[in-house]
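K.L.:
My questions all concern the structure below.
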Amino acid sequence: MRVRGGWPRLDRLLRHRRRVLAVGLAMTAAALAGTVPREAVPGETPAPQRVAAAPAADRSAARVTAPVRIADADTVRLLRPGDRVDVIAAGGSPAAGAEPRTVASGARVTAVPEPGEGPAEAGALVVLSVPRDAAARLAGAGASGPLAVAFR
């Protein structure tokens, strides 16, 4: 038994499934082809494209978080997340001719951990967001001598 007139379009779609599937695939392929970047045509202004990943040369400019031990624990208590500071390395004794130098400029404070157990003379820890190359300089300077911060 067959009922007429209720769903003529659906009945037609069911009879022509292959055509409907082919049309759907063709529309999907056309939509995907529109998203693929084209080769540049001479004389045509290229369209802006997104960059998927940073080139290897720019990875040194990527920001990383670095924990740094600052010599003066009282100064660290003044810091708050979001503050900008310059990190200064003492670099030895001034009698030997060593000058203080700025290791990281404009570092952003991301966290100030609670002071741990131990003497305050040991300094205090602060977590900074710095470029990758500055993080390497901070690690080297922190191993060779005390570090200080200057507020910006």
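K.L.:
What FRET efficiency comes out for the pair Arg101/Arg80, r = Cβ-Cβ distance, R0 = 35 Å, nearest 0.05?
P.N.:
0.85
K.L.:
Calculate, in nm to one decimal, what Arg63 and Ser144 gain on full extension: separation in residues at 0.36 nm each, minus their alpha carbon distance. Could you put the intermediate results ahead of the total?
P.N.:
On the way: separation 81, 0.36 × 81 = 29.16 nm, distance 2.32 nm.
Between Arg63 and Ser144, full extension yields 26.8 nm more.
K.L.:
Quick check: pseudo-label points 7 Å beyond the Cα along Cα→Cβ at Asp133 and Ala29, how many nm apart are they?
P.N.:
Computed distance between label sites Asp133 and Ala29 equals 5.0 nm.
K.L.:
Net charge around Ser129, counting only other residues with Cβ within less than 9 Å of its Cβ (Lys, Arg = +1; Asp, Glu = -1)? Each step should come with its number before you reach the end.
P.N.:
Values: positive: Arg63, Arg108; negative: none.
Value of the local net charge: +2.
K.L.:
Something else now. What is the packing order of peptides 131-138, 19-26, taking the mean over residues of other C-beta atoms within 10 Å and listing the highest first?
P.N.:
131-138, 19-26
K.L.:
Moving on. Using the Cβ atoms and a cut-off under 13 Å, what net charge is assigned to the surroundings of Ala66, where Lys and Arg are +1 and Asp and Glu are -1? If you can, show how the numbers build up before the last one.
P.N.:
On the way: positive: Arg63, Arg69, Arg108, Arg132, Arg137; negative: Asp133.
Around Ala66, the surrounding residues sum to +4.
A short reminder: the numbers here are calculations on the coordinates, not readings from a lab. Just so you know, these numbers come straight off a predicted model, no measurement behind them. Using ideal geometry, Cβ is built from the backbone for each residue, glycine included, and neighbour counts are taken over all protein chains shown.
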